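A.B. asks: After the structure tokens below, expect a handful of questions from me.
The values are calculated or read from the model by the stated rules, or taken from the named source; none is laboratory data. Since we're looking at a predicted model, the values are computed, not measured. Please note that ligands, DNA and RNA were not included when accessible areas were found on the heavy atoms of the full protein model with its side chains. Shrake-Rupley method; radii C 1.70, N 1.55, O 1.52, S 1.80 Å.
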Amino acid sequence: MDNKNFENVFNDYKNQADAPPQPEADPYQEQIVAVRKNDDGDIIAFKTETGRELDYVMALSEAKEGKLAHVDVFHKYGRDIIRSEPDGVKENNLDNLDTF
């Protein structure tokens, strides 16, 4: 594959961010509205819009099952991690949510 093809493939990938917005969350998915952090600033728990409080492992499991809206699970540091869907809006990033 020549350099131009690499460039085209990357540009196509990058332009996916310009795609139309995804539909609203599935009504059966709960949205995370607040987080709890430890003294180091790590998120250790989540609160949903219905008031449920989930420890990190419970939230990770529910995120993998598609039960939580607007979060992704990815593998980093040798383990699965929960993060906000990258949408360019800093206010709804997990780190920026209210704490409980």
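A.B. asks: For n ≥ 4 DSSP H runs only, could you compute -39500 (n - 2.57) per run for the chain, divide by its residues and tell me the 222 nm figure to the nearest 500?
C.D. replies: -6500 deg cm²/dmol
A.B. asks: Could you give the length gained by full extension between R79 and Y13, i.e. 0.36 nm per residue of separation minus their alpha carbon distance, to one decimal place?
C.D. replies: Stretched out fully, the R79 to Y13 stretch lengthens by 21.2 nm.
A.B. asks: Can you list the aspartates and glutamates whose alpha carbon is less than 12 Å from that of K90, not counting same-chain residues fewer than 8 positions off?
C.D. replies: Within the straight-line cut-off, K90 pairs with nothing.
A.B. asks: Using only the heavy atoms of the protein chains and a 1.4 Å probe, how would S84, S61 rank by accessible area, largest first?
C.D. replies: Result of the area sort, largest leading: S61, S84.
A.B. asks: Classify region 39-100: rounded, prolate or oblate, from the alpha-carbon gyration tensor (a ≥ b ≥ c, eigenvalue square roots; a/c under 1.5 rounded; otherwise prolate if a/b is larger than b/c)?
C.D. replies: Rounded, because the longest to shortest axis ratio a/c is under 1.5.
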